[in-house]
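For reference, the structure is listed below as structure tokens.
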Amino acid sequence: MAAYIVQPGDYPARIAAKFGMSMTEFMQMNPGLCSSPNQCNVIYPGQTLQVRGASGAAPAATPVSQPAWTGSGPQPPPWMQKALGEQGVHEWNPGDNPRIKEYLASVGLSGPDETSWCSAFVNWCMKKSGYNGTGSGLASSWKTYGRAVGPTYGAVVVFQPLTAGASGHVGLLHALESTRVWILSGNSGNQVRISAYPREKLVPGYPYRWPY
């Protein structure tokens with residue numbers, strides 16, 4: 001048995017096949033990861049799993065720039081690392097923050113920085129990390145994005161409109177409480193920040209989404 005560092009695009013069945021393992025064997029080596037061969041927790045790049053020997057295991061990719069995450073242990077998903085590095089970006093008054101206009105441009109929008117940009121921000125983070133987003137400036141576009149997962153650090157979180165007449169909201173999961181969901185998002189109080197939103201405002205069904 002040897003350690004394997006999860007690479008971008010990996011998922012449990014792919015890793016098992018890479019090392020000639022059945023899913024049953026893979027599950028035995030990684031207890032608690034999967035409840036069945038088709039029901040596994042989300043894994044992310046940088047996480048360490050156990051496999052049958054490490055021949056052919058790819059080394060962890062070296063980031064092209066220093067990520068915002070500097071803790072030890074498994075790294076957050078790459079799009080969350082991008083988002084962490086953007087904390088504090090805020091709208092300008094007067095004028096427009098060019099960074100926010102860059103977020104908007106990632107979904108084809110050219111409006112001022114007062115344009116609703118929470119979806120553009122998540123799209124920008126995905127694109128900068130090598131993943132496809134929705135390509136839309138609408139928060140609701142994330143409701144069927146990728147695949148549904150349980151609440152997992154860095155998962156895309158989709159909310160219903162928070163107030164009458166408002167659009168929905170989207171961000172990346174940071175923490176959960178009994179009545180609140182803490183997310184890292186753009187256009188939250190006109191800036192990128194970690195803040196809490198009511199759990200009752202999560203979209204019905206599957207509010208937590210993963211790109212692969």
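The values are calculated or read from the model by the stated rules, or taken from the named source; none is laboratory data. The structure presented is a predicted model; accordingly, all values stated were derived computationally and were not measured. Cβ placement follows ideal geometry from the backbone for every residue including glycine, while neighbour counts extend to all protein chains displayed. These accessible areas exclude ligands, DNA and RNA; they are computed on the full protein's heavy atoms, side chains included. Shrake-Rupley method; radii C 1.70, N 1.55, O 1.52, S 1.80 Å.
There is at least one residue in segment 160-170 that is crowded, with 17+ Cβ neighbours inside 10 Å, touching a helix residue (DSSP H, G or I) at 6+ places or on another chain (Cβ under 6 Å) and outside any loop (DSSP other than H, G, I, E, B). Comparison of Ala57, Ala61 shows that the only residue that is more than 28 Å from Lys143 (Cβ to Cβ), open to solvent by 30 Å² or more (accessible area, probe 1.4 Å), in contact with a Phe, Trp or Tyr (Cβ under 7 Å, 6 or more places away or on another chain) and at pLDDT below 85 is Ala57. Being of a type outside the set (Val, Ile, Thr), farther than 15 Å from Gly53 by Cα and part of a helix (DSSP H, G or I) is a description that does not apply to Ala17.
Within segment 171-212, can you find the residues that are of a type in the set (S, T, N, Q) and either open to solvent by less than 70 Å² (accessible area, probe 1.4 Å) or at pLDDT 95 or above (or both)? Give the derivation first.
As a first pass, look at segment 171-212 and keep what is of a type in the set (S, T, N, Q): 178-179, 185, 187-188, 190-191, 195.
Result: Ser185, Asn187, Ser188, Asn190, Gln191, Ser195.
Checked against the criterion of being touching a strand residue (DSSP E or B) at 6+ places or on another chain (Cβ under 8 Å), surrounded by 17 or more Cβ atoms within 10 Å (Cβ to Cβ) and at positive phi, segment 125-142 contains not a single residue that satisfies it. Please go through segment 192-212 and pick out each residue that is within 18 Å of the chain's Cα centre (by Cα), part of a strand (DSSP E or B) and of a type outside the set (A, V, I, L, M). Once the filter is applied, which keeps residues that are within 18 Å of the chain's Cα centre (by Cα), part of a strand (DSSP E or B) and of a type outside the set (A, V, I, L, M), segment 192-212 yields Arg193, Ser195, Tyr197, Tyr208, Arg209, Trp210. Using the structure shown, decide if Ser178 is out of contact with any strand residue (DSSP E or B) (no Cβ under 9 Å at 6 or more places or on another chain), at negative phi and among the hydroxyl-bearing types (Ser, Thr, Tyr). Spelling it out, Ser178 is indeed out of contact with any strand residue (DSSP E or B) (no Cβ under 9 Å at 6 or more places or on another chain), at negative phi and among the hydroxyl-bearing types (Ser, Thr, Tyr).
For segment 155-175, which positions are within 18 Å of Leu84 (Cβ to Cβ) and not small (Gly, Ala, Ser)?
To start, the set of residues in segment 155-175 that are within 18 Å of Leu84 (Cβ to Cβ) comprises 155-157, 170-175.
Residues satisfying the conditions are Val156, Val157, Val170, Leu172, Leu173, His174.
Only one of the listed residues (Thr70, Thr115) is at pLDDT below 90 and either more than 20 Å from Arg193 (Cα to Cα) or assigned to a loop (DSSP other than H, G, I, E, B) (or both). That residue is Thr70. Those residues that are of a type in the set (Gly, Ala, Ser) and open to solvent by less than 20 Å² (accessible area, probe 1.4 Å), I need them from segment 143-159; list them, please. Answer for segment 143-159, where residues must be of a type in the set (Gly, Ala, Ser) and open to solvent by less than 20 Å² (accessible area, probe 1.4 Å): Gly154, Ala155.
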